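I have placed the structure first, in the form of structure tokens, so that the comments after it can refer back to it.
Each value in this text was obtained by applying a stated rule to the coordinates, not by laboratory testing. All of these numbers come straight from a predicted model, not from anything done at the bench. Note that we place each Cβ from the backbone using ideal geometry, even for glycine, and neighbour counts take in every protein chain shown.
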Amino acid sequence: MKFTVAIDGPAAAGKGTISKAIAANFKFAHLDTGLLYRGVGKKALAYSRTSFYPEISEQLALELTPEDLLSDDLRTDEVAQAASKVAIIPEVRDVLFDFQRNFANQEGGTVLDGRDIGTIICPNADVKLFITASAEVRALRRFKELTKNGHKVSLQDVLNDVLGRDARDRERTVSPLIAAEDAIIIDTSHLSIELAISTAIEAVTVKFKVK
């Protein structure tokens, strides 16, 4: 049986947590596609701290290994910003497209979360969710996470980073961040994580029963 759940949304909206919960609930395989771009972004940072060249980033994407996705520092703000920059490069997206599509087509059910899963990677997904929240709420969540981990940052700087990343994700010419026309929108701005998860699982359950 093949059953695909496509989950999109901006950073810190809660889609990662929701995706993992859905995968665990239905025993589906899960892929955080953002890690692919973070992996390339980290490699790009190691290559050059100041510039991103399409032909170099394409080669870095080709060299990406499963081990690269296990690094603890893929979640840093610096790598997140680099990932957002390499994600606008068409050559990088082309390299990673096949990996994501092949993952989605495996037997047993899959959950993929990212920025263009429901629109580009899996346009025929059985369920499409778009997880969002206001920029201010997402910045506060990110700020709390960073300070808890010992990072010294200001809330305004984090908000500026969130807004900058949103702009790059939504304004890029290739695979911009938009909700698919048939996506179920879940705004987590004022939801507890438990309610957000239960809302998402219920949406998937309805489709899964029909399948």
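Hey, got the dipole for segment 4-210? About the Cα centre, +1 on K and R Cβ, -1 on D and E Cβ, debye to the nearest 20?
Numbers: 25 positive and 30 negative charges, 93 e Å.
Using Cβ point charges on Lys, Arg, Asp and Glu, segment 4-210 gives about 440 debye.
Dipole size in debye (nearest 20) for segment 132-211 around its Cα centre, Lys and Arg Cβ +1, Asp and Glu Cβ -1? Let's see the in-between values first.
Details: 13 positive and 12 negative charges, 58 e Å.
Computed charge dipole of segment 132-211: roughly 280 debye.
Have a look at V158, L96, A83 and report the one farthest towards the positive end of the charge dipole of segment 41-161, computed about the Cα centre with Cβ charges (Lys/Arg +1, Asp/Glu -1).
V158
Helix-derived [θ] at 222 nm for the chain: sum -39500 (n - 2.57) over DSSP H runs of at least 4, divide by residue count, nearest 500?
-16500 deg cm²/dmol, from helical runs alone.
Ranked from highest to lowest mean number of other Cβ atoms within 10 Å per residue, what is the order of the peptides 177-185, 65-73, 142-150?
Working: 177-185: 16.0, 65-73: 10.4, 142-150: 13.6.
With the highest mean Cβ count within 10 Å placed first, the list reads 177-185, 142-150, 65-73.
Under the 0.36 nm per residue contour assumption, what length would be gained going from the current alpha-carbon distance of H190 and K2 to full extension? Present the calculation step by step, with values, prior to reporting the outcome.
Details: separation 188, 0.36 × 188 = 67.68 nm, distance 3.34 nm.
Between H190 and K2, full extension yields an extra 64.3 nm.
With all distinct Cα pairs included, what does the Kirkwood hydrodynamic radius of the chain come out to in Å, to one decimal, could you say? Show your work: numbers first, answer last.
On the way: mean 1/r = 0.0573 Å⁻¹.
In the chain this quantity evaluates to 17.5 Å.
How high is the FRET efficiency from Q59 to S154, r the C-beta distance, R0 35 Å, rounded to 0.05? Mind dumping the intermediate values first?
Working: r = 36 Å, r/R0 = 1.04.
The formula returns an efficiency of 0.45 here.
Per 5 Å bin, what percent of the C-alpha pairs of segment 144-211 does each bin hold, from zero upward?
Taking every Cα pair in segment 144-211, the percentages come to 3, 12, 12, 16, 19, 17, 13, 5, 3, 1.
Please give the peptides 112-120, 133-141 ranked by average Cβ packing (other Cβ atoms within 10 Å per residue), highest first, as a rough proxy for protection. Don't skip to the answer; put the middle values down first.
Values: 112-120: 25.3, 133-141: 19.0.
Answer by packing, highest mean first, reads 112-120, 133-141.
Within the set of other residues whose C-beta is less than 11 Å from the C-beta of N105, count the net charge using Lys and Arg as +1 and Asp and Glu as -1.
Details: positive: K2, R101; negative: D98, E107.
Surrounding charge for N105 is 0.
From the alpha carbon gyration tensor of segment 70-178, can you work out the equivalent ellipsoid semi-axes (sqrt of 5 times each eigenvalue) and give them in Å, largest to smallest? Before the final figure, lay out the partial values.
Working: eigenvalues 148, 49, 44 Å².
Semi-axis lengths for segment 70-178 are 27, 16, 15 Å.
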